[in-house]
Amino acid sequence: MMERTLVIAPGPTANGDLHLGHLAGPFLAADVCARYARAAGHDVLFGTGVHFTQNYIVTTARRLNVPPEELRVRSAGQVEETLTAMGIEPDGFVRFGDRYVKTVRTFFERLHGSGKLRLRGLKFPYAPRTGEFLTDAYVRGGCPVCLADGCAGLCENCGHWIASGDLIDPRSTLHPEDPVELREQQVLVLPLEEHREALTAYFARQSATMRPRLAQMIEEILARPLPDYPVTLPIAWGIPAPFPEVAGQVIYADAETIAWSMHCTALAAEQRGEVLAAEDELWFSETGNKVVYFFGSDAGFAFAVVGAAMLEALGGYVLPGHFVTNEFYELDHDKFSTSRGHVVSGRELAAEVPRDLIRYYLAATSPDFQRTNFTRQALARVTGERLVQPWNRVADKVGRWAGRGPLPVTERSREAAARLLERFAAAYDVRRFNLTAAAFTLTEQLARLDRWEPGPADAGDFCHEVDLFLRCAAPLLIDLAGEALAERAVPAAPHATEFTPVRLPRLAEPGP
């Protein structure tokens, strides 16, 4: 089987639509990465989907007064529609069904059968009135690492995983007035401390490419004893655990990361016409495949730490090669919040603004390394001044030479085009992938072309470099490139000695 890159954007919780905060982070970045890699001649599978087993679905459904099963099906449809509206085209999309359940159970049966799981007593918040244990979305309190208030599980503030029983002053989210006490319950765990040596060596190899927040979190967790990470939980929502010693429990949703990812890539391969013998076939070490994750920094513990530990525990699998993380994207300098109505969906915006402009602006303001901000006014101003107006002037200049047949391309132009290709490749390469840098390079190269006033002596050079510019910009400006280019391959090096210009489409103004 041919080596390829497996690009994965882990699915959001199926409790609502995707807003711009989601899109500006992992989903647009993963789509751009996959598009460029394919244009550069690499074999790429891109998968995403929705996560259906987190108990945030239950708490959101309770707030909306709808059945949780109905909410997760509706949300999956909304997510797919929003991705389509934004031109984000995964090869595979994970939905909930019998096949997914079987994949998850089979994965954990392998871990269990190989003796990698342990039965241990963990303390959980417990509500005596309802007789329920409170985990993740069911319980809030203070993070024992950074003191921020939030739910158990992955802390949005510091990125650490917080055991439900370790929350400071825990309280029920569904019944905040109920008293809560700690009770011990036997669950199956993955003892991460037993994998310290392998994790330390693995993250030492990853340190050169990890972004600062993930690197800091990894450094902090390795400086203290690693936790017993629960694989089963004593709650009702989730996939029933197939182990008699924890009868009645479910598999912890946040432990499904690798099984979800394997299912995701299998679906992507099948969509491309492959027939796989097993869900995990693309992850076998002998394939040489490269796994690249795109996710928010707060998901790092589940996908990077626990995921790597599970793969190491089983052996014989490739480990993720790169983690491309992002921070939060804000709306008018406040966090996106569906519950407060402080949100803009991708579908809503794409109905009013050409999606090439949205993709460009989200890339230009991408929260690659720190929180960034979205406003409609800035989108209109920035895209108008830096993209639409200069591109339309460039397109008009090319149009003056259209229909005159092939024009000569000089060595100087080939050298300049090689530099252009290098700058875009530096931003798109997975080792240093940087969506903001890609948008910046697009802006600067477009401005250079806009300043150029070609005459008979250099018109061929100008049109040649515009063509290469558009090929490099195509992963972001998908509709413009789709209309202008018959094919979107990015050459390894420029070699044209002549170029025949054609009229190029213009971009529409963003409007008020």
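Quick notes on this one:
- Compared with the dominant Cα axis of the chain, that is its longest principal axis, helix 98-113 is turned about 60°.
- Across Arg62, Arg118, the residue with the most accessible area heads the list, and the full order at a 1.4 Å probe is Arg62, Arg118.
- Within straight-line cross-link reach of Lys335, aspartates and glutamates at Cα separation under 17 Å, skipping those fewer than 8 residues along the same chain: Asp17, Asp149, Glu156, Asp298, Glu327, Asp368
- Extension reserve of the Lys123-Arg419 stretch, reckoned as 0.36 nm per residue once the Cα distance is removed: 100.7 nm
- Bridge type composition, the chain - antiparallel percent by DSSP, nearest 5: 60
- Within the stretch 223-346, the ratio Rg/Rh, alpha carbon atoms throughout and Rh by Kirkwood, equals 1.03.
- Helix 355-364 axis versus longest C-alpha principal axis of the chain: approximately 70°, rounded to the nearest ten.
- With contacts taken as Cα pairs under 8 Å at a separation of at least 6 residues, the chain carries a relative contact order of 18 percent.
- When the Cα atoms of the stretch 361-449 are aligned to their principal axes, the ranges along those axes come out at 48, 33, 16 Å in descending order.
- Computed E for Ala493/Arg393 - FRET, C-beta separation, R0 25 angstrom, nearest 0.05: 0.30
- Rolled with a 1.4 Å probe across the full set of protein chains, the surface gives Val430 an accessible area near 20 Å².
- Surface share of carbon and sulfur [accessible, 1.4 angstrom probe, percent] for the stretch 1-102: 50
- The stretch 53-122: C-alpha gyration tensor shape, a/c 1.5 cut-off, then a/b vs b/c: oblate
- Rounded Å value of the spacing that divides the Cα centres of the stretch 112-130 and the stretch 1-43: 34
- Those aspartates and glutamates that a straight Cα-Cα span of less than 14 Å connects to Lys102, excepting residues fewer than 8 apart in one chain: Glu256, Glu279, Asp280
- Split the accessible area of the stretch 379-512 by element, probe 1.4 Å, and carbon with sulfur accounts for 52%.
- Relative contact order of the stretch 136-273, taken over Cα pairs closer than 8 Å and 6 or more residues apart, is 16 percent.
- Computed in the context of the full set of protein chains, the accessible area of the stretch 153-227 at 1.4 Å probe radius has 50% of its extent on carbon or sulfur.
- Gain upon complete extension [Asp429, Asp334; 0.36 nm per residue less C-alpha separation]: 31.1 nm
- Protection-proxy order for peptides 156-162, 110-116, 360-366, each taking the mean of Cβ atoms within 10 Å per residue, highest first: 360-366, 156-162, 110-116
- Computed over the Cα atoms of the stretch 22-165, the ratio of the radius of gyration to the Kirkwood radius (Rg/Rh) comes to 1.02.
- Folded to 0 to 90 degrees: helix 68-85 orientation relative to the chain principal axis, Cα: 10
- Summed over the residues of the chain and divided among them, the accessible surface reaches 40 Å² per residue at a probe radius of 1.4 Å.
- Highest average first, the peptides 409-415, 27-33, 475-481 ordered by how many other beta carbon atoms sit within 10 Å of their residues are 27-33, 475-481, 409-415.
- Normalised by 2.2 N^0.38 Å, where N counts its residues, the alpha-carbon radius of gyration of the chain equals 1.05.
- Accessible area, probe 1.4 Å, largest first, for residues Asp334, Asp450: Asp334, Asp450
- Inter-part distance where the stretch 260-299 and the stretch 167-233 are each reduced to a Cα centre, Å: 25
- Equivalent-ellipsoid semi-axes for the stretch 116-227 (Cα gyration tensor, √(5λ), whole Å, largest first): 29, 18, 9.
The values are calculated or read from the model by the stated rules, or taken from the named source; none is laboratory data. If you're wondering where the values come from, they're calculated on a predicted model, not measured in any experiment. All Cβ positions, even for glycine, are placed from backbone atoms using ideal geometry, and neighbour counts span all protein chains on display. Areas reflect the complete protein model, heavy atoms only, side chains present, ligands, DNA and RNA absent. Shrake-Rupley method; radii C 1.70, N 1.55, O 1.52, S 1.80 Å.
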